[in-house]
Every structure is written in C-alpha cells, then in structure tokens.
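The values are calculated or read from the model by the stated rules, or taken from the named source; none is laboratory data. Computed from a predicted model, the values in this text were never measured in an experiment. Note that each Cβ is placed from the backbone with ideal geometry, even for glycine, and that neighbours are counted across all protein chains shown.
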Amino acid sequence: VSYRRACALVALLAAGCSEEAIVSVEGGNAERGREVLERFECGACHRIPGVRGPQSRVGPTLENFHRRPYVAGRFENSPELAVRWILDPPAMKPATAMPVVGLTEAQARDAVAYLWSLE
Amino acid sequence: MNEHGMQSALHAAAGSGADLITELGIVLFAGAALLFLLVIGLLLRAVSTGESAVDSRRWIVGGGVVLPLILLTALLVYGLAVGNTLTDMNARGPLRFVLDCISSGARALSMPLAEATPLRVHVVGRRWWWQVRYGGPGTGVTGVELANELHLPAGRPVELTLRSGDVIHSFWVPALAGKIDMIPGRANRLVLRASKPGVYRGQCAEYCGGQHAWMALYVVVVPEPEFRVWLQRQSQPAALPGDAELRRGYDAFMRASCADCHTVRGTPARGNHGPDLTHVGSRRSLAAGRLGNHQGTMAGWIAGAQDLKPGNAMPDAREFTGAELRALAAWLGSLQ
C-alpha cells in the first residue's frame with residue numbers, strides 16, 4: 001500500500017467515523033432533524049444555522065448548541081436533557097416562554113442530533 | 001407548519017380566468033408558430049426560385065396590407081372577447097360572446113349581470129396583509145372577516161371587490177386568474193369561478209414596500225356544502241376560553257394593547273388596524289404567509305414580529321411574562 005493510498009484510506013475512515021458520530025448521537029438523525037426544525041419553524045424564535053425559513057431573536061440562538069453549558073439557563077446541557085426540554089419546556093420550567101410545539105420524541109431526538117452537529 | 005400551496009402561472013389552470021388566459025396563450029403561440037413557418041416557407045421559396053420575376057406589387061399588397069389586416073382584426077376581436085369574458089359573471093366563452101355580438105348587435109355588449117345574487121367577497125390589500133370580508137346585502141352573512149385566506153365554493157362564480165388601504169397592491173392567484181391591481185380610492189372587480197377544490201397560493205404582484213415578498217394569501221377551494229359550513233362557522237363569535245390556561249391567555253390579550261388594533265368578535269376587543277382574530281386558529285398561515293400556524297409560531301410572532309417581518313405595523317410585544325405569552329398563543333390557537 002502506497003503512502004498516498006494509506007492517506008486516502010485514513011481520510012475516508014475518518015470521514016466515515018465523524019459522519020457516524022453525528023448521526024448516532026442519542027439515536028437521532030441530524031439530516032432528518034434539520035427537516036424537523038424547518039417544518040416546525042423553530043426559527044420563529046431561534047437562530048439556527050443551516051435551517052431554511054425565519055430567523056428570530058425571541059429565544060436564544062442555537063449556534064454552538066453543544067457548547068452551551070446550560071439549557072434554559074438552568075439545566076446542565078446534554079442530549080437527553082435537550083430532548084426532554086424540547087418535548088415539554090413548561091414542565092421543566094413553568095416560567096418559560098417556550099411552548100410545547102408538538103414534536104414526537106423521535107422528532108425531538110432528530111432535532112437534537114442536528115443541533116449537536118452544529119459547530 | 002407552513003403549507004405551501006402551489007403558486008405558478010405554469011401550473012394547470014384551476015379557475016375560469018386562468019383557463020381563458022391559458023387558451024389565449026395557446027392561440028397566440030400557435031398563431032406565431034404558423035406565421036413563423038409561413039415566413040420560413042417564403043424564404044425558402046425565394047432562395048429556390050432564383051432570379052425568376054415575381055409580381056412585387058401583389059406580394060406587398062397581399063402580404064403587407066391584406067393579410068395583417070385580416071389577422072390583426074381577428075386577434076383584436078378575440079382579445080376583446082377574452083377580456084370581456086374575464087369580467088362577465090354570465091360569460092360562456094369568448095367565441096360565444098363574439099357570436100352573440102354578431103347576432104344581436106350592440107345589445108349583447110350591455111347585457112346585465114347575473115340576476116342571482118353572486119357571492120361577494122371584499123378584499124383589501126394592506127401593508128402587508130390581506131383583509132377579507134364576506135357578505136353584503138342579500139348574501140345572508142354579515143360580519144365575516146378574516147385575513148390572508150380566502151375560501152371559495154368550487155364551480156360557483158364569485159365576485160371579488162378589490163381595494164387598497166394604503167398603496168397600490170395587486171391581487172394575483174395564478175392558478176385561478178390573472179392579476180388585477182388594487183388601487184387606493186378605487187374598487188376593482190374580479191369575477192372568478194374556481195373549478196377544482198384545492199389550496200392555491202397567491203401573492204401581491206405589485207411592489208408595495210419592504211415586506212412585499214411576505215404578502216401572500218391562500219385560496220382554499222372546497223365543494224359548496226363544505227363552504228357553507230365554513231362560512232357559518234366563521235360568522236360565529238369567538239368561543240369563550242375553555243380552561244384556566246386559555247383564560248390566562250384571554251386575560252393577557254385584553255389587559256395588553258392587543259385590542260387597540262385587533263378585533264375578536266364576541267369579546268370587548270374591537271380594534272380595526274390589524275387582522276380580525278376571531279378565528280385565527282383556523283388559518284393556514286400567520287402574517288400573510290410568513291409563518292405556519294401553531295402555538296410556537298404564534299408566540300414567536302407576538303414577541304418578535306419586527307424580527308420576522310421588519311417594518312410591519314405590529315410591534316414586538318414586550319408586556320408578557322413567558323407563561324403569559326404561552327397562554328396567549330394557546331388561546332389564539334384555540335379560536336378555531
């Protein structure tokens with residue numbers, strides 16, 4: 001195996017791995033998640049890179065979401081927690097302005113997978 | 001969720017006006033194609049016959065005067081007949097109209113409109129939304145008002161009265177009819193008969209300011225019985241809040257300044273600067289096609305109207321707590 005071929009192979013494997021890492025985060029699919037975020041027009045309140053449709057500042061921006069230490073300024077950020085939050089925000093924080101938008105759990109997982117994939 | 005009904009002049013016609021325009025387009029295209037072939041034929045003939053003499057006088061008079069005279073006269077009559085048919089409630093097609101004119105002379109031109117009271121819909125273009133009112137004398141409904149959405153019964157002619165509340169707008173639903181301007185101080189008329197049930201998207205077609213692109217409307221064509229049920233429901237006042245959460249939303253609406261601009265029939269809210277919200281929960285879109293309609297978009301619109309549609313007349317509401325905003329969006333969504 002030549003040096004160049006080995007490099008190509010390594011690059012391919014790396015690409016495959018990172019792809020895998022994005023889509024397998026807590027069972028959601030990032031690509032489907034992007035569609036969910038578009039369909040429910042989450043941009044009516046948030047800024048979400050890569051999502052078509054409205055972009056607003058009513059809620060926090062979701063750029064670099066995985067680097068955010070807290071969700072809703074209160075809960076330690078993790079994929080599982082973010083899924084719980086999206087499904088029913090008022091149940092976790094009654095004073096929140098974010099309503100139950102009506103995502104299914106699978107849709108919420110996909111949405112979080114997408115948010116987690118954002119650099 | 002935003003439902004994108006189709007909006008294209010290339011889409012199959014679903015209304016009387018669009019049918020006629022399609023026909024006119026085909027006639028013009030076919031005519032132009034025939035003339036093109038004729039000219040090419042003459043060109044080839046000229047090349048192949050070489051220098052043999054032609055009677056140039058005959059060609060000039062025949063091809064330069066007689067032929068255009070006949071063709072253009074026919075096209076003019078046809079074009080006028082199409083124009084007349086577009087606005088005539090009783091129209092039976094342009095050809096029929098021409099025949100009627102020939103057989104009965106000028107009388108056909110002054111035929112009265114249909115005796116049966118047509119369904120009248122008043123549409124007012126505003127920056128940047130559509131105010132829609134149903135009714136008028138003899139139609140059996142009063143006070144039905146909504147925004148950015150038109151419901152029409154399939155197969156029945158409807159007379160739209162088109163006005164403007166500020167600048168020039170243009171009413172255009174390509175699948176149903178041609179565009180027609182809405183001019184301040186004037187009422188324009190458009191008669192249309194939607195043939196196929198479905199949802200058709202329309203759009204303001206005259207630049208009217210910064211948010212012109214977000215001045216869309218949906219035309220929902222349904223069978224006549226379904227239309228009657230819908231109109232009946234729209235004529236009802238808003239339902240009273242059914243539970244404590246909705247009640248909180250109702251109270252927030254009445255306490256805040258919402259009622260200065262919006263009407264909710266059956267409540268003290270009687271403002272008339274913004275859309276009537278009596279049945280806002282039943283609509284397909286918010287803010288004239290800007291957003292779909294669910295609790296999330298409703299809350300986002302109330303709190304961030306200027307972010308979503310900069311320059312529109314609705315201010316960002318800053319007077320609600322988070323819980324109130326949610327309740328308010330829930331209550332408005334419950335107004336079906």
Task: Where B:PRO237 falls short, out of the listed (1) part of a helix (DSSP H, G or I); (2) out of contact with any strand residue (DSSP E or B) (no Cβ under 9 Å at 6 or more places or on another chain); (3) more than 10 Å from chain A (Cβ to nearest Cβ) - done: (1)
Task: Scan of the range B:306-329 for residues that are surrounded by 22 or more Cβ atoms within 10 Å (Cβ to Cβ) and small (Gly, Ala, Ser), ordered by number - done: B:ALA327, B:ALA329
TODO: Mind telling me which of the residues B:ALA329, B:ALA305, B:ALA259 ends up being facing chain A (nearest Cβ under 10 Å) and free of Cβ contacts under 8 Å to residues at least 24 places away in the same chain?
DONE: B:ALA305
TODO: Return yes when B:TYR78 is more than 22 Å from the chain's Cα centre (by Cα), closer than 25 Å to B:ASN188 by Cα and at pLDDT 75 or above and no when it is not.
DONE: yes
Task: Enumeration of residues in the range B:239-254 that are modelled with pLDDT of 95 or more and within 19 Å of B:ARG270 (Cα to Cα) - done: B:ARG247, B:GLY249, B:TYR250, B:ASP251, B:ALA252, B:PHE253, B:MET254
- [ ] Pull up the range B:114-159, narrow it to residues that are polar (S, T, N, Q) and closer than 25 Å to B:GLN336 by Cα, then point me to the one that is modelled with the lowest pLDDT.
- [x] B:THR139
Task: Identity of the residue in the range A:59-79, touching a Leu at 6+ places or on another chain (Cβ under 8 Å) and part of a loop (DSSP other than H, G, I, E, B), that ends up nearest to the other protein chains (Cβ to nearest Cβ) - done: A:LEU62
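Quick grid of which residues meet (1) surrounded by fewer than 22 Cβ atoms within 10 Å (Cβ to Cβ); (2) within 14 Å of chain B (Cβ to nearest Cβ); (3) modelled with pLDDT under 95; (4) in a loop (DSSP other than H, G, I, E, B):
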{"position": "A:GLU35", "(1), (2), (3), (4)": "yes, yes, no, no"}
{"position": "A:GLU38", "(1), (2), (3), (4)": "yes, yes, no, no"}
{"position": "A:HIS46", "(1), (2), (3), (4)": "no, yes, no, yes"}
{"position": "A:ARG57", "(1), (2), (3), (4)": "yes, yes, yes, yes"}
{"position": "A:LEU81", "(1), (2), (3), (4)": "yes, no, yes, no"}
{"position": "A:PRO90", "(1), (2), (3), (4)": "yes, yes, no, no"}
{"position": "A:MET98", "(1), (2), (3), (4)": "no, yes, no, yes"}
{"position": "A:GLU119", "(1), (2), (3), (4)": "yes, no, yes, yes"}
Open item on the list: Among the residues that make up the range B:265-286, is at least one of them within 14 Å of chain A (Cβ to nearest Cβ) and in a loop (DSSP other than H, G, I, E, B)?
Closed with: yes
Open item on the list: Tell me the residue from B:LEU291, B:LEU335 that is touching a residue at least 40 places away in the same chain (Cβ under 8 Å) and within 9 Å of chain A (Cβ to nearest Cβ), please.
Closed with: B:LEU291
